[in-house]
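Reading through the structure tokens given below for one structure.
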Amino acid sequence: MQDFTSGGTRKNPKLGPADQNVEFTGLGVDDDDPDVATLKNAIAGNLAPMGVTDVTFVEPGEITDARNQIRGREDAYMHVSDGTFHGCLCGYTMQRAAPSGAPECPVCVLLDA
């Protein structure tokens with residue numbers, strides 16, 4: 001690996017052996033979703049040969065705040081479809097249509113922007 005700077009090239013020190021048993025920390029709101037965990041662990045496995053042994057995914061604060069705002073009341077909001085029959089952009093699986101006049105899901109609004 002080389003670092004290309006205005007002063008020329010400089011070799012970086014050799015990376016140590018990568019940890020092959022990489023796991024993600026901080027899986028966040030999707031902790032129970034095995035597909036998300038599998039995807040994140042696959043990404044970690046691809047980064048391991050580069051010496052990356054710990055990766056955390058973090059959502060922007062405003063999305064985290066919006067998720068906290070709707071938590072436990074997801075069915076009271078109108079959601080933006082993710083293109084599947086019951087899925088939406090925020091990850092909530094709709095069980096029934098939102099009540100008439102329901103506000104838009106703030107997470108879906110942010111992710112749809």
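Per-structure values
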{"item": "Positions within segment 48-92 being hydrophobic (A, V, I, L, M, F, W, C) and at pLDDT 85 or above, in sequence order", "result": "Met50, Ile63, Ala66, Ile70, Ala76, Met78, Val80, Cys88, Leu89, Cys90"}
{"item": "Residues of segment 70-113 satisfying the condition of being of a type in the set (Asp, Glu) and either over 19 Å from Pro60 (Cα atoms) or buried (at least 17 other Cβ atoms within 10 Å of the Cβ) (or both)", "result": "Glu74, Asp75, Asp82, Glu104"}
{"item": "Among the residues listed as Asp30, Asp19, Asp35, the single one being at pLDDT below 55, within 28 Å of Ala98 (Cβ to Cβ) and not aliphatic (A, V, I, L, M)", "result": "Asp30"}
{"item": "Residues being of a type outside the set (D, E, K, R), closer than 27 Å to Ala44 by Cα and part of a loop (DSSP other than H, G, I, E, B) - total across segment 77-113", "result": "4"}
{"item": "Residue among Glu74, Glu59 that is under 27 Å from Ala44 (Cα atoms) and of a type in the set (D, E, K, R)", "result": "Glu59"}
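The values are calculated or read from the model by the stated rules, or taken from the named source; none is laboratory data. For clarity, every value in this text was computed on a predicted model and none was experimentally measured. Methodologically, a virtual Cβ is constructed for each residue, glycine included, from the backbone with ideal geometry; neighbour enumeration extends over all protein chains shown.
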